[in-house]
Amino acid sequence: MSRYLSCFSIPALLASASPALAEPPQDQGHGDHDATSEDIIITALYGRNQKDVLGGTSVVSGLDLARELKPTIGETLSHQPVVSATSFGPNASRPVLRGFQGERVRVLADGIGSFDVSNTSVDHAVVINPLTADRIEVLRGPSALLFGSSAIGGVVNVVDSRIPRTIPDEAIHVDALATYGSAANERSGGVRVDVPVTKSLVVHFDGSYVKTGDLEIGGHVLTPALRAQAATSADAAIASLADLMGELPNSGGRTWEIAGGAAYISNNANFGVSVGRYDSLYGVPIRYSLDPAVEAEAVRLDVKQTRVDVRGEINPAEGFLEAIRLRGGYADYRHNELEEDGTVGTTFNNIGTEARFEVVQRERNGWSGAIGAQFLFRKLNIVGAEKFLPPSKTRQFGIFTTQSFDMGALRAEVGARIEHAIVSAAADASLGNLDIKRRFTSYSGSIGGRYEVARGWTFGLNGSYTQRAPSAEELFPNGPHAGTQAFEIGDPTFGKEKSTGLEAVLKGSGRSYSFSASLYYSWFNAFIFETQTGTIQDDLPVFQFGQANAHHYGAEIEASVRVATIGAVKLNLDGVGDFTRATIRGGGPLPRIPALRLLGGLEAQSDTITGRVEVEWVDGQDRIAAFETPTKSYTMVNGSLAIKPFGADSGIDVTLSANNIFDVDARRHASFLKDYAPLSGRDIRVGVRFAF
């Protein structure tokens, strides 16, 4: 998939999103701080302003989303506070929040899971299309726990209109687009159609297609240390790896997606369904071996998913309840891991179902809240020579609540969740041919408050206690995995992971500025982590899951200020900074923790033209775990220009952007593949949208 919808998300907001989501053009950008619905967090069980959410939040929509949109959720969000990405090549990049990744970050499609196997391994793509997003919300801290006990790191919710939320004013509304990107010779296009059949019924269709070549990079494929090692090899093929540069081999791909939906919408109720088909074939960058006896594999993944979603809501006109909501989904997912000759090496089959039921209380005398229940079922079966996990099933049932009390300058909030999980594995040789079933009941809760210390400024403090059941991917793996070039070993005796956390949040805003800063600290008992052991099995490095006590802390800051207004042009300066540190008590640093990052941007906004230039500096990371390698710092410069050539109300938008302008060699420490797969080099992009 691609960034070709750099303008697609704008009509999603301006033309067909609900009025509560729509933004006037002048409000689209980092630096405009007039009150708009961008401040409302939809992912909260009931809509809340960002300043009232006790924890870090980010909302990416409008022009920000158009500018940041990338082929994957991870790369799209990588400039948000305390967000990094797994960066396993250009086609598989999952968000990393506050140093947490995989099972500890829930990636949602309009409130429920992605029904893929992206949490199983970093080479597996998230099957949620960021290109069709109206907005993407990121919740960090205790608020995220209402979406599952695994969401200790946070929640990423991709909100779209595949199930329509409003009836369009036009007889038919169409958005079409096309783009080209230089770094991967990317050619792509898409279309979106909304048709009101009656005054209460609307149907929706969207489709997209993209094809890319191998990614251009800003230097050599291997790090200097690996190049030096390769250059001394007596094997000519290995010695030649020292000169490999310019392109990332086996990183091209093609993706298409098609979906249709319909919704009945009235004054106090709505119900809708959608069906989508996703199909992708992409390469996984090669983890080159410098041992002549070990052959590196160029694996490709052939991914297919069919997904069905339902959403319903009733809004009583009066009484104790303000809303009754149901959200559910089902998906049949399969991917084949293909060898270089095209034969199927391993197949992943995943069946997933998830449903949420919520009742929202009507606010009375400052008291508001919601109560809900959630069910999740997952059945994963891996077949093939490199099966690293036995057939497994996961069942989860949870009940949860959040209650808020607004007392003027003081706002308090409590939340709780009880979750029962059954994780089982079928008899398999890797587990001694025994059926294993583990049951866990987890209890989580949070309490906090924020106080208005001055007009527009609030200080918040919250605490949380969480328990998380280990996943099948942590309990049962024992085998080789071609995609990550690792031999993975779990432990079926793991107990629950427990943590206690504190977070302090300072937020301030005015007519021409906004500011948000958070400090957080967590103490973990029986923290589950994966680390390299230094041993080799089946010609692959062994990665072993372990459990130990740990502590985790960090800080994030985000600020924006309007520095000038020149006629109709608003000039804004904004910045983001974040820092995370995680340590096993008595055992040293945890692996793959992102380094200090600072990002600053200067943006000029008007009704028809918006220009931006930004600089991102990421520090080197030399605080590393055993067998981990250090990562060098990098500085990257990006620029963009969005134009409405025929006026602010026209249906044509043109976006020009230049990413990594100086073609630097950049690698993210959170990536398993960072020593073999740098980030994209210079990428010049042009995108055109037509709306009619």
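Each value in this text was obtained by applying a stated rule to the coordinates, not by laboratory testing. Remember, predicted model here, so these are calculated numbers, not experimental data. Here the Cβ positions follow ideal geometry from the backbone for every residue, glycine too, while neighbour counts run over all protein chains shown.
Taking 0.36 nm per residue of separation and subtracting the current Cα-Cα distance, fully stretching the chain between PHE320 and VAL203 would add 38.9 nm.
When the Cα positions of VAL308, SER240, PHE320 are compared along the charge dipole of segment 218-333, PHE320 comes out farthest toward the positive end, with charges on each C-beta of Lys, Arg, Asp and Glu.
Stokes-Einstein diffusion for segment 351-446 at 37 °C, viscosity 0.692 mPa s, with a Kirkwood radius from C-alpha pairs, works out to 202 µm²/s. Shown is the FRET efficiency for GLU340 and LYS304, computed with R0 = 22 Å from the Cβ-Cβ distance and rounded to the nearest 0.05: 0.60. With the convex hull drawn over the C-alpha atoms of segment 554-663, the volume per residue is 131 Å³. Once R0 is set to 41 Å, what does the formula 1/(1 + (r/R0)^6) return for the Cβ-Cβ distance between ASP279 and SER606, expressed as a FRET efficiency to the nearest 0.05? Here the calculated transfer efficiency is 0.50. Classified by the C-alpha gyration tensor, segment 51-200 has an oblate form. Its axis ratio a/c, with a ≥ b ≥ c, is 1.5 or above, and a/b does not exceed b/c.
Here the calculated FRET efficiency for ASN365 and ARG395, from their Cβ-Cβ distance with R0 = 45 Å, stands at 0.70, rounded to the nearest 0.05.
Farthest toward the dipole's positive end in segment 384-423, which of GLY415, PRO390, THR401, given Cβ charges of +1 (Lys, Arg) and -1 (Asp, Glu) about the Cα centre? Farthest along the dipole direction, towards plus: PRO390. Once the chain from TYR443 to LEU656 is taken as fully extended at 0.36 nm per residue, the excess over their C-alpha distance is 71.8 nm.
Relative contact order, whole percent, for segment 66-160 stands at 28, derived from Cα pairs under 8 Å and 6 or more residues apart. So what is log10(I(q)/I(0)) for the chain at q = 0.10 1/Å, when the Debye sum runs over its Cα atoms only? For the chain at q = 0.10 Å⁻¹, log10 I(q)/I(0) is -0.95.
A simple spin-label model places pseudo-atoms 7 Å from Cα toward Cβ; at ASP539 and ASP619 they are separated by 4.1 nm. Extension gain, ASP406 to ALA171, is 80.2 nm, computed as 0.36 nm per intervening residue step minus the present C-alpha separation. Would you compute, from DSSP H runs of 4+ residues alone, the mean residue ellipticity of the chain at 222 nm, taking -39500 (n - 2.57) per run and dividing by the full residue count, rounded to the nearest 500? That comes out to -1000 deg cm²/dmol.
Judged by the mean number of other Cβ atoms found within 10 Å, the most tightly packed of the peptides 157-165, 93-101, 379-387, 251-259 leads the ranking 93-101, 157-165, 251-259, 379-387.
Placing a label point 7 Å from the Cα of ALA648 along the Cα-to-Cβ direction, the residues of segment 594-635 whose backbone N falls under 14 Å of that point are 605-610. Kindly identify segment 71-130 as rounded, prolate or oblate by the Cα gyration tensor criterion: order the square roots of the eigenvalues as a ≥ b ≥ c, call it rounded if a/c is under 1.5, otherwise compare a/b with b/c, prolate if a/b is larger, else oblate. Note, shape of segment 71-130 comes out rounded. The value of relative contact order for the chain, using C-alpha pairs under 8 Å at least six residues apart, is 12 percent. Of interest is the spacing of the C-alpha centroids, which for segment 87-133 and segment 553-580 amounts to 27 Å. When only Cα pairs below 8 angstrom with a gap of at least 6 residues are kept, segment 362-440 shows a relative contact order of 26 percent.
Taking trypsin sites (Lys or Arg not before Pro) across segment 409-462, the ones in a DSSP loop with at most 13 further Cβ atoms lying within 10 angstrom of their Cβ are ARG455.
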